[in-house]
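K.L.:
Below you will find the structure I want to go over with you.
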Amino acid sequence: MGLAPQATLSLPGVNSRVSEQKMKISLGPIHYHWSKETIEQFYQSAATWPVDIVYLGETVCAKRRALSRADWLNIAARLTDAGKEVVLSTLALPEANSDLLQLEKICANTNYLVEANDMSAVHLLTGRIPFVAGPHINCYNNNTLSFLAELGAVRWVPPVELSATTIGTLQTMRPAAMETEVFAYGYLPLSFSARCFTARADNIGKDACEQRCMRDPEGRPLFTQEHERYEWHPAPIRRSM
C-alpha cells in the first residue's frame, strides 16, 4: 500500500497501521534538514491529507534546530485540531547532555505519545506515560518485545531490516495490547552514526559541518564502489497488524 504525496514535497516516510478495527496510515518524522518555513508548510498541507497519525520531531541530528520545541508543539496542536493523532519522535542517537535535557522535556509531556528511538528515552518514559518503541530500538525477538510492553510500550515499529517472515512470526507472539507499525513507503533510514555521513562525504569535521545537509532536501545520492548510483525504492509506510 502506498500514499502519494499531496504537496510538492516528497513524503519523508509514511507509515500505515492495522488494528482490529481498521488500517490506519501514519506520516513518519522528517529525516531531512528543511527550513522552518518548509516544515511548517509541509505540516499545514499534511493536516488535510488522509493520514491518521503524524510523528513530529527531530530524529537524526541534534544540531538541526530550525524549529524550537515550542514550534513543534504548536504544529502538534494544529494537527490535533485537524483530527490527527500526534506522536512526538525523539533522537535515535543522543550524544551530549544537552540532547538528554531536550529528551527529558519531550518525555515529560502529558499531551502526546512519545516515540522512543533510544533506550535513554525508554528509561525516561517507563512508568510515566505509554510510548511507541520506534524502529531504531533493537527489537528483534519476542522476549524484547514483551520486555518493552512491560515498560509501557503500546506500539512498536520493527527495525527496517527485519524480514516479513520475522515480523510475521513476532506477530503471532506479540503482547495482546501491542500495536505493530511497519514501514511501507518512502526512503528507508538505513543507519545512524556519530560520524556525520554528509560531513564525511565532504571531507570536513562534524563540528564544522555548517549544517550542509540542508543543501540536500531529499537526501544525498549513494553510489556503489563501481560508481553506479544506488537506487532506493520508496518504502517507508509503517503497517500495524
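K.L.:
Between a first residue in the range 105-127 that is in contact (Cβ under 8 Å) with a residue 12 or more places away in the chain and a second residue that is polar (S, T, N, Q) and in a loop (DSSP other than H, G, I, E, B), which pairs have beta carbons less than 7 Å apart while being 6 or more apart in sequence or on different chains?
P.N.:
Final answer for the pair search is Ile106/Thr90; Val114/Thr90; Glu115/Thr90; Ala116/Thr90; Asn117/Thr59; Asn117/Thr90; Asp118/Thr90; Ala121/Thr90.
Listed here are the residues, each with its yes/no results for (1) within 26 Å of Leu124 (Cα to Cα); (2) at pLDDT below 95.
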residue	(1), (2)
Met1	no, yes
Pro5	no, yes
Ser10	no, yes
Val51	no, yes
Lys63	yes, yes
Ala77	yes, no
Ala82	no, no
Glu85	yes, no
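K.L.:
Applying the selection to the range 67-101, what residues are open to solvent by 40 Å² or more (accessible area, probe 1.4 Å), part of a loop (DSSP other than H, G, I, E, B), under 19 Å from Gln41 (Cβ atoms) and touching a residue at least 12 places away in the same chain (Cβ under 8 Å)?
P.N.:
Passing the criteria: only Ala82.
K.L.:
Inside the range 102-111, can you point out the residues that are buried (at least 19 other Cβ atoms within 10 Å of the Cβ) and either in contact with a strand residue (DSSP E or B) (Cβ under 8 Å, 6 or more places away or on another chain) or assigned to a strand (DSSP E or B) (or both)?
P.N.:
Ile106, Cys107
K.L.:
Shifting gears a bit: Would you mention how many residues in the range 212-227 are in contact with a helix residue (DSSP H, G or I) (Cβ under 9 Å, 6 or more places away or on another chain) and exposed (fewer than 15 other Cβ atoms within 10 Å of the Cβ)?
P.N.:
Looking only at that region, the number is 4.
K.L.:
Quick check on my filter: what residues within the range 152-206 are in contact with a strand residue (DSSP E or B) (Cβ under 7 Å, 6 or more places away or on another chain) and over 20 Å from Tyr55 (Cβ atoms)?
P.N.:
Listed by number, the residues that qualify are Gln171, Arg174, Ala177.
K.L.:
Could you check Arg155 against (1) at pLDDT 80 or above; (2) open to solvent by 40 Å² or more (accessible area, probe 1.4 Å) and say which number it fails?
P.N.:
With respect to (1) at pLDDT 80 or above; (2) open to solvent by 40 Å² or more (accessible area, probe 1.4 Å), Arg155 is out only on (2).
The values are calculated or read from the model by the stated rules, or taken from the named source; none is laboratory data. Remember, predicted model here, so these are calculated numbers, not experimental data. Ideal geometry is used to build each Cβ from the backbone, glycine not excepted, and the neighbour counts take in all protein chains shown. The protein model used for the area step is the full one, side chains on, heavy atoms only, and it has no ligands, DNA or RNA in it. Shrake-Rupley method; radii C 1.70, N 1.55, O 1.52, S 1.80 Å.
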